[in-house]
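Novice: Take this structure first; my questions come after.
Laboratory data are not the source of any read-out in this text; all were calculated from the coordinates shown. Small disclaimer: the values here were computed from a predicted structure and weren't measured. Note that each Cβ is placed from the backbone with ideal geometry, even for glycine, and that neighbours are counted across all protein chains shown.
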Amino acid sequence: MMSETSATSTPVTGGALAGLTVLDLTRVLSGPYCTMMLADMGARVIKVEQPGKGDDTRGWGPPFQNGESSYFLSVNRNKESVTLNFKRPEGRAVLDKLIANADVLVENFRPGTLDRQGLGYDAVSAIHPRLVYCSISGFGQTGPRRSEPGYDAVMQGEGGLMSITGPGGGTPYRLGVAIADIVSGMFAAYGVAMGLLARERMGQGQYIDVGMLDSVAALLTYQAGICFATGQAPPRLGNQHPTIVPYETFTASDGDIVVACGNDGLFVKFCAVVEAPDLAKDDRFVTNKSRVENQDTLRPLLAERLRTRSRGAWLDALKTAGVPCGAVRDLAEVLSDPQLIERMMVLPMNHPKAGDIKVLGVPVKLAGTPGSVRMPPPVLGQHSHAILEELGYDAAGISALEQEQVI
């Protein structure tokens with residue numbers, strides 16, 4: 001087990017959510033990301049998958065590693081997999097037993113789907129009032145668009161992210177990772193943690209409704225603030241910042257760097273490094289406000305200077321001067337960074353089918369109850385027999401369920 005902790009604390013074995021069981025009825029990304037976060041913090045997560053097919057992402061690729069989708073492997077560690085057709089009466093009986101043993105249920109079906117099967121929150125909580133029940137959907141459980149499906153690319157467009165991402169005056173861009181799915185999963189995990197805390201205080205579970213559109217809207221923060229203040233939609237600015245200058249990428253002689261001058265003092269230091277101290281004294285650029293107003297004039301002057309030296313030379317000089325900066329790196333560079341390796345953010349694992357794989361680590365470092373990466377992502381149905389045995393099924397009963405294709 002690979003755990004995250006500090007050298008100055010005595011960790012509690014198992015993680016902050018150890019002893020809790022999460023029933024995972026989700027697939028693709030938002031739900032699995034949520035349940036992975038809970039699993040990383042010690043919860044037992046039982047992932048229920050469709051017999052013979054499993055989570056949709058098991059078929060997403062290439063790349064595959066010995067037949068296992070790298071996409072699926074990236075968001076399903078620390079989980080157990082049971083295959084189950086709970087539309088069948090025999091499968092529903094198994095699911096009812098799983099729910100009875102769970103502290104949390106997470107699902108991301110389209111709103112109303114589980115209600116029609118008698119598995120919505122009202123029906124389930126009437127029997128299990130301590131259950132924390134979380135639903136993730138595209139547009140939430142209420143409102144005129146509640147029944148519409150939600151996919152990340154749609155939500156990046158509908159949520160305004162694409163309108164502010166991409167070159168100025170050019171085509172809107174989708175972010176290179178599924179940010180709408182991921183942030184929805186993060187908010188869902190946050191909601192589940194709050195629901196569990198409230199249960200400890202009040203003795204009762206509750207319903208958690210997470211909409212992807214809501215989650216994306218919550219990311220807009222200062223861009224939404226600009227729209228509220230001006231009444232106008234912010235434009236795309238490429239890599240420039242709408243309210244801080246310079247706070248963007250520049251091209252050196254051999255690659256791109258990022259410079260982040262968050263205050264006037266940093267701008268003075270930056271100008272000294274690029275050997276343009278007069279710019280820091282120019283009335284057009286003395287304050288951040290004036291730099292924002294005159295950034296179309298300032299940027300070419302800075303860009304001309306930065307093209308004269310290599311990426312490494314500029315970064316060394318800027319860091320020495322205390323100017324926040326960094327390289328624009330590809331993922332191979334990022335994932336081999338000694339800083340991430342030291343902080344256990346890239347971890348090796350052995351998968352029963354894929355063989356040796358790597359996964360990302362746990363970014364939240366709890367000193368006393370650290371998260372951990374304990375188990376590789378499961379093979380489809382890997383734990384079906386063991387879980388059914390826990391629920392009281394004998395070998396003959398399990399064999400019958402297999403023959404009927406219930407599991």
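Novice: So what's the angle, to the nearest 10 degrees on a 0 to 90 scale, between helix 311-321 and the longest Cα principal axis of the chain?
Specialist: Approximately 80 degrees, to the nearest ten.
Novice: Then there is this: For Arg27, what residues show an amide H to amide H distance below 5 Å, using hydrogens built from the backbone and excluding near sequence neighbours?
Specialist: Asn108
Novice: While we're here: Taking volume of the Cα convex hull per residue in Å³ as the quantity of interest, determine which of [x] 180; [y] 128; [z] 139 was computed from the displayed structure.
Specialist: Correct label, based on the coordinates given: [x].
Novice: Same structure again: Each residue of region 30-46 in turn: what ³J(HN,Hα) in whole Hz from Karplus with 6.51, -1.76, 1.60 and θ = phi - 60°, glycine and Pro shown as x?
Specialist: Karplus-based 3J(HN,Hα) across region 30-46 equals 4, x, x, 5, 4, 5, 5, 4, 5, 5, 4, 8, x, 5, 7, 10, 9 Hz.
Novice: Show the residues, 5+ positions off or on another chain, whose built amide H is closer than 5 Å to the amide H of Leu105.
Specialist: Correct list: Leu23, Val132, Tyr133, Cys134.
Novice: Dipole size in debye (nearest 20) for region 121-255 around its Cα centre, Lys and Arg Cβ +1, Asp and Glu Cβ -1? Write out the running numbers ahead of the final one.
Specialist: Numbers: 7 positive and 10 negative charges, 55 e Å.
The calculation lands at about 260 debye.
Novice: Using label points projected 7 Å from each Cα along Cα→Cβ, tell me how many nm separate Ala396 and Lys365, to one decimal.
Specialist: 5.7
Novice: So, one more: For the chain, what proportion of DSSP beta bridges, expressed in % and rounded to the nearest 5, is antiparallel?
Specialist: On the way: 18 of 40 bridges.
Roughly 45 percent of the DSSP beta bridges within the chain come out antiparallel.
Novice: Would you mind checking the pairs Lys79/Lys353; Lys53/Lys87; Lys79/Lys358; Lys47/Lys353; Lys47/Lys87; Lys87/Lys353 and listing those with alpha carbons more than 24 angstrom apart?
Specialist: Working: Lys79/Lys353 16 Å; Lys53/Lys87 15 Å; Lys79/Lys358 16 Å; Lys47/Lys353 18 Å; Lys47/Lys87 16 Å; Lys87/Lys353 29 Å.
Beyond 24 Å: Lys87/Lys353.
Novice: Can you tell me which of Thr230, Thr35, Thr251 moves the most in a GNM of the chain? Springs connect C-alpha atoms under 10 Å apart.
Specialist: For the chain, modelled as a Gaussian network with Cα springs under 10 Å, the answer is Thr230.
Novice: Another question, if that's okay. For Val359, what residues show an amide H to amide H distance below 5 Å, using hydrogens built from the backbone and excluding near sequence neighbours?
Specialist: Placed amide hydrogens put Leu347, Met349 under 5 Å from Val359.
Novice: Picking from Ala327, Pro370, Ala93, whose Cα lies most toward the positive end of the charge dipole for the chain (charges on Cβ: Lys, Arg +1; Asp, Glu -1)?
Specialist: Ala327
Novice: For a footprinting-style exposure proxy, rank Arg110, Arg92 by other Cβ within 10 Å, fewest first. Don't skip to the end; give the middle numbers.
Specialist: Numbers: Arg110 14, Arg92 17.
Final ranking by Cβ density, sparse to dense: Arg110, Arg92.
Novice: Measure nothing fancy, just the Cα-based angle from helix 264-273's long axis to the longest principal axis of the chain, in degrees from 0 to 90, nearest 10.
Specialist: 70
Novice: Specify the residue with the greatest mean-square fluctuation among Pro377, Pro129, Pro144, computed from a Gaussian network of the chain linking alpha-carbon atoms under 10 Å apart.
Specialist: Its mean-square fluctuation being the largest, the pick is Pro144.
Novice: Another question, then. Would you mind calculating the gained length between Ser310 and Ile341 on full extension (0.36 nm times residue separation, minus the Cα-Cα distance), in nm to one decimal? Before the final figure, lay out the partial values.
Specialist: Values: separation 31, 0.36 × 31 = 11.16 nm, distance 2.62 nm.
That pair, Ser310 and Ile341, stretches by 8.5 nm at full extension.
Novice: Quick one: among Leu302, Leu360, Leu161, which has the greatest mean-square fluctuation in a GNM of the chain with alpha-carbon springs under 10 angstrom?
Specialist: Leu302
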